[in-house]
Amino acid sequence: MEQKINDIKNQILKAISKVRDNGELFDLEKKFLGRKSEFVSILKNLKDLAPEERKKIGELANKTKGEILEIIKSKRQEVKNENLNFNKERIDVTIPGKKSGIGHLNPISIVRREIEDIFTSMGFEIADGPEVETEFYNFDSLNIPKSHPARDMQDTFFMKNSDLAMRSQTSAIQARYMQKNKPPFKIIAPGRCFRNEATDTTHEHTFHQFEALVVGDNINVGNLKHVAEVFFSQFFHQDIKIRLRPSYFPFVEPGFEYDISCTMCAGVGCSACKGNGWLELGGAGMVNQNVFVAAGYPRNKYTGFAWGIGLERLAMMKYKIDDVRLFHSGDLRFIRQF
Ligand code: FA5
């Protein structure tokens, strides 16, 4: 029995030198002095010994236990001091840092923010609308009745068994805004649009437009041209001229396709503009009175102009990108260039 107690003490002394932290010390204490330890079972069995033997072993066991507790206590202090050893934990500030990759904006977001900045500096408000739109706002309110062939002009994603569709143009925001606001006002409405069409280098099923809408008492085509010239000149950081060509959109009368002077050759003629000095940009026109009526305004009380342009088209011109599909490709080699 005496031998056993001394063995336990020696085992502890050996094990404790390897202890590195408080957790290991706790485990060690539990192993040698815990309720299920050999040491405690010796103490429990003392009662079975002869009185003489019981006294001797009991004294030895208690003395040894005291010694072991003392050893553990001083080890605990040692471990604590070790952990407070600042020298060991010293941070080497001379080690070269690892660059953490921070995200950045997609070129469409960059262009959108630039557009918003330019227009808000001209006193425009920014309007918004839902991407899943009712047929009323996407078509009817824009003077495109159900049977009108113009519904086929934009291949629309319709929702089954409902009158909802994925917004095919930001023009859908026009009546929404006008129902809630009285003229005069000037807004732009940037947003995502969706069309069920085959994709190629200039067409995507999901793309962005921004609508401009200015309504008041005496708004005319001259205002449209002027605002467009100011905007594009600021956006492309050069003097831009506007050219309007007659076109048809049910929601404007007269309607135009409009071009800007080539941003590569300033209108002289180059390969980007196919030698004619102009770049096609989007649709525009004077708001059709039927659109005002659908929005709840009296006929012929106000005049206004509107346009709708592709954001991708602008970004492609600005950054010389030759395929619209790159924007949504998720290709990091493309995205990281911005
Ligand atoms: C319209 O969507 C009219 N709502 C524009 C408008 C507004 C006219 C207000 C008059 C008054 P259009 O379908 O032409 O028009 O589209 C306008 C622009 O959106 C295009 O010039 C093009 O830049 C962009 N766009 C249209 N379809 C796509 C597509 N599938 N992928 C990428 N860009 C597109």
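The angle between the Cα long axis of helix 2-16 and the longest principal axis of the Cα atoms of the chain comes to about 30 degrees, rounded to the nearest 10. A straight chain from residue 331 to residue 53 at 0.36 nm per residue would run longer than the Cα-Cα distance by 91.7 nm. What lysines sit close enough to residue 65 to cross-link, taking a C-alpha to C-alpha distance under 17 Å and skipping anything fewer than 8 places away on the same chain? Candidates past the 8-residue exclusion: 4, 9, 14, 30, 31, 36, 44, 55, 56, 73, 75.
Over the chain, DSSP H runs of length four or greater, each weighted -39,500 (n - 2.57), average out per residue to a 222 nm ellipticity of -12000 deg cm²/dmol.
Between the amide H of residue 256 and those of 247, 284, 285, distances stay under 5 Å, these residues lying 5 or more places away or on another chain, with hydrogens modeled in the peptide plane. Here residue 89 sits with roughly 130 square angstrom of accessible surface, probe radius 1.4 Å. Solvent-accessible surface of protein heavy atoms, probed at 1.4 angstrom with all chains present, puts 91, 188 in the order 91, 188, largest first. Under 24 Å of direct C-alpha separation, and excluding same-chain neighbours fewer than eight residues apart, residue 301 reaches these lysines: 180, 182, 186, 225.
Whole-Hz Karplus values for the stretch 159-172 come out as 8, 4, 6, 8, 9, 9, 9, 6, 3, 9, 7, 6, 4, 4 Hz, taken residue by residue from phi with 6.51 cos²θ - 1.76 cosθ + 1.60 and θ = phi - 60°; glycine and proline positions read x. Using C-alpha pairs below 8 Å separated by at least 6 residues, the relative contact order for the chain is 15 percent. Taking amide H as placed 1.01 Å from N in the peptide plane, residue 168 has its amide H under 5 Å from the amide H of 194, each at least 5 places away in sequence or on another chain. For the stretch 107-335, taking the reciprocal of the average inverse distance between every pair of different Cα atoms yields a Kirkwood hydrodynamic radius of 18.1 Å.
With r as the distance between the Cβ atoms of residue 93 and residue 237 and R0 = 35 Å, compute the FRET efficiency 1/(1 + (r/R0)^6) and round to 0.05. Step by step, r from the Cβ atoms, then E = 0.25.
Per-residue extension of 0.36 nm, minus the Cα-Cα distance of residue 182 and residue 163, leaves a gain of 4.1 nm for this segment.
Once the 1.4 Å probe is applied to the protein heavy atoms, the chain comes out at 58 Å² accessible per residue. Using the Cα gyration tensor of the stretch 2-89, with a ≥ b ≥ c the square roots of its eigenvalues, what is the shape: rounded (a/c below 1.5), prolate (a/b larger than b/c) or oblate (neither)? Prolate, because a/c is 1.5 or more and a/b exceeds b/c.
The values are calculated or read from the model by the stated rules, or taken from the named source; none is laboratory data. Here the structure is a predicted model, which is why all the values come from computation and not from measurement. Cβ sites come from the backbone with ideal geometry, for glycine too, and all protein chains shown count toward neighbours. Side chains included, ligands, DNA and RNA excluded: accessible areas come from the protein's heavy atoms. Shrake-Rupley method; radii C 1.70, N 1.55, O 1.52, S 1.80 Å.
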